[in-house]
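See structure below.
Every number here is computed from the coordinates shown, using simple stated rules; none is lab data. Since we're looking at a predicted model, the values are computed, not measured. Cβ placement follows ideal geometry from the backbone for every residue including glycine, while neighbour counts extend to all protein chains displayed.
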């Protein structure tokens, strides 16, 4: 009889442990997902007025990832990386500036007293906004 109880306990305890682990990790993952959902679209250092809302200042190439943000001087520089071909990136920016009324003057796109320099090299896009 004792053997049956011991065997039953040895079979049941791991199952109970697994159920408790699943519940614990499920709750943790749900909390992480909720926290991440609240962070979507936020930018590190967004409290800095220079990078308050980058999408209002910079045309960001679809599917590009932000590699760096530099606000060390009066300008704001944003470096993006993309896996898309150079020609596709150039077409996007040429079309964007044409459609949105920017003019190319002295190597910088200009509109409403804003000057934006665009440098594209392979899969690296550097945008610098003169303030």
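Numbers for the structure displayed
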item: Contour excess over end-to-end distance, with Cα ends at residue 111 and residue 22 and 0.36 nm allotted per residue; result: 26.5 nm
item: Fewest-first sequence of 79, 72 by Cβ atoms within 10 Å of each Cβ; result: 72, 79
item: Two-site label geometry, residue 123 and residue 56: point separation in nm, points 7 Å out along Cα→Cβ; result: 3.2 nm
item: Using a Förster distance of 22 Å, the FRET efficiency for residue 67-residue 91 (Cβ separation, nearest 0.05); result: 0.55
item: Likely footprinting exposure, 6, 89, fewest C-beta neighbours within 10 Å first; result: 6, 89
